[in-house]
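Below: the structure, in structure tokens.
The values are calculated or read from the model by the stated rules, or taken from the named source; none is laboratory data. None of the values given here were measured: they were computed from a predicted structure. Because the Cβ atoms are built from the backbone with ideal geometry, glycine has one as well, and the counts that use them run over all protein chains shown. For accessibility, only protein heavy atoms count, side chains too; no ligands or nucleic acids. Shrake-Rupley method; radii C 1.70, N 1.55, O 1.52, S 1.80 Å.
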Amino acid sequence: MRAVLVYTSARLGIFLATAGVLWLTPMQKAPLFLLLGALVISGLISYVLLSAQRDAMSASVVAGLSRRRSRFQESRAREDA
């Protein structure tokens, strides 16, 4: 769960920083374009900079799902017996 929070907060931070930088440009007069530009640019930056965090988050999610799946199978087997 920690990996998910770290990745999400890093993505949000990159988005806010990008929006802040774009606010200093003439884009501030068109807020929709500013947000769309920040979304696209921060997505590209995150794709490059956060690959390790994305892999850690993915591994965490997969491990959690496999634990839940195995617990479900165990409880189902006990119920059938």
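Below, the figures for the structure above:
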item: Number of the condition not met by E79 [criteria: (1) open to solvent by 90 Å² or more (accessible area, probe 1.4 Å); (2) under 26 Å from A3 (Cβ atoms)]; result: (2)
item: Test: residue in the stretch 51-69 that is without any contact (Cβ under 8 Å) to a residue 24 or more places away in the chain and surrounded by 12 or more Cβ atoms within 10 Å (Cβ to Cβ); result: yes
item: Hits in the stretch 6-47 (condition: in contact with a Ser or Thr (Cβ under 9 Å, 6 or more places away or on another chain) and of a type in the set (S, T, N, Q)); result: T18, S42
item: So R11, is it out of contact with any His (no Cβ under 6 Å at 6 or more places or on another chain), surrounded by 12 or more Cβ atoms within 10 Å (Cβ to Cβ) and modelled with pLDDT of 95 or more; result: yes
